[in-house]
Amino acid sequence: MKKALCICSVLFISLFYGGYLLAKDVIKVGLITPLTGDVKTFGESTKNAFNIALEEYAKIGKYTIQPIIADDRNDPTEGANTALKLITQDKVVAIIGPLTSKVAIPVSEIANSNKTPMISGTATNPKVTISDGKRKPYVFRACYIDPFQGTVGANFAIKQQKAKTAAVLYDVGNDYSKGLAEYFKATFTKGGGNVVAYESYQKDDVDFSALITKIGMKKPEVIYVPDYYNKVALIAKQIREKGLKSALIGGDGWDSPELIKIAGSAIVGGSFTNHY
């Protein structure tokens, strides 16, 4: 939450000194975040930090901020539609969010083409700020990117956990999950490790028994699961139910109190990378 608060504060300060805003007493700032759907706990945390930033600015700020909070449900189409509405109808001067990469990527295209500043605190896929090798001048982030996160995860497995073999299980339709999987595999292999299984699933899959059985036959020392907490919890439980003892590693998508609530003891002992 501290991270999200800083992001909001920095953006607010930068907006108030733009020449075309100085004459205005009220400005509109949009927040796009998942308040319902599969990662709603992330969205609630972001909304809370956004509101705290508004309260802090109101004590000392010269302008009145009219917040417009929109729920993207962690759905790319919903996020894109929401961004268009915020820009063309609500006339926001900037957008904070989206939270996840798969939503932030299409929204970033819309924001950039409309010259509307956008900043995400947690969208880690490189494509959020880069398109066809070129920087999107109106799009920003306040977090590391997946090449770094995937590399750190792989190096942790090699150097800290002394793993020689690893399996990767990821969502093929999720830019965030797919990107982390690719960078983990590349770094783990480069570091002398052997990725013995590299398996993918679809967003709506709930039964991973066949994939876990295949992975179990390879007996990996670690299993890398780069996904969000709800799916990770489900996978972790099924991994342990199959009797696999492999160490579990993931990314910042794990960081929710719901992970322990859903996965229970199946996730205890796991490790994940995060921004703090």
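The values are calculated or read from the model by the stated rules, or taken from the named source; none is laboratory data. Treat the numbers as computed from the prediction; the structure is a model and nothing was measured. No Cβ is skipped: glycine too gets one built from the backbone with ideal geometry, and neighbour counts run over all protein chains shown. These area figures cover heavy atoms from the full protein model, side chains too; ligands, DNA and RNA do not enter into them. Shrake-Rupley method; radii C 1.70, N 1.55, O 1.52, S 1.80 Å.
Below, the figures for the structure above:
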read-out: Qualifying positions in the stretch 148-163 - among the aromatic types (F, W, Y) and touching a residue at least 60 places away in the same chain (Cβ under 8 Å); value: F156
read-out: Lone qualifier among N81, N48 - being modelled with pLDDT of 95 or more and under 23 Å from L259 (Cα atoms); value: N48
read-out: Matching residues, the stretch 132-147, being in contact (Cβ under 8 Å) with a residue 24 or more places away in the chain and closer than 19 Å to V225 by Cα; value: Y144, D146, P147
read-out: Selection status of A210, at pLDDT 95 or above and under 25 Å from A123 (Cα atoms); value: no
read-out: Candidates G43, G30, filtered to the one that is open to solvent by less than 60 Å² (accessible area, probe 1.4 Å), in a helix (DSSP H, G or I), modelled with pLDDT of 50 or more and in contact with a Leu (Cβ under 6 Å, 6 or more places away or on another chain); value: G43
read-out: In the stretch 171-190, residue farthest from I105 (Cα to Cα) [restricted to those that are open to solvent by 50 Å² or more (accessible area, probe 1.4 Å) and among the small types (G, A, S)]; value: A186
read-out: Any chance I223 is over 20 Å from I260 (Cα atoms) and open to solvent by less than 10 Å² (accessible area, probe 1.4 Å); value: no
read-out: Complete set of residues in the stretch 75-103 that are within 15 Å of I119 (Cα to Cα), touching a residue at least 60 places away in the same chain (Cβ under 8 Å) and not hydrophobic (A, V, I, L, M, F, W, C); value: G97, P98, T100, S101, K102
read-out: Condition met for T187 (within 19 Å of A247 (Cα to Cα) and among the β-branched types (V, I, T)); value: yes
read-out: For A233: the one exception among (1) out of contact with any strand residue (DSSP E or B) (no Cβ under 6 Å at 6 or more places or on another chain); (2) over 16 Å from S101 (Cβ atoms); (3) buried (at least 19 other Cβ atoms within 10 Å of the Cβ); (4) in contact (Cβ under 8 Å) with a residue 60 or more places away in the chain; value: (4)
read-out: Any hit, the stretch 180-196, residues being free of Cβ contacts under 8 Å to residues at least 24 places away in the same chain and among the polar types (S, T, N, Q); value: yes
read-out: Identity of the residue in the stretch 138-157, in a loop (DSSP other than H, G, I, E, B) and not hydrophobic (A, V, I, L, M, F, W, C), that ends up nearest to S177 (Cα to Cα); value: Y144
read-out: Filtered residues of the stretch 104-131 (kept if without any contact (Cβ under 8 Å) to a residue 40 or more places away in the chain, in a helix (DSSP H, G or I) and either open to solvent by 10 Å² or more (accessible area, probe 1.4 Å) or of a type in the set (S, T, Y) (or both)); value: P106, S108, E109, I110, N112, S113
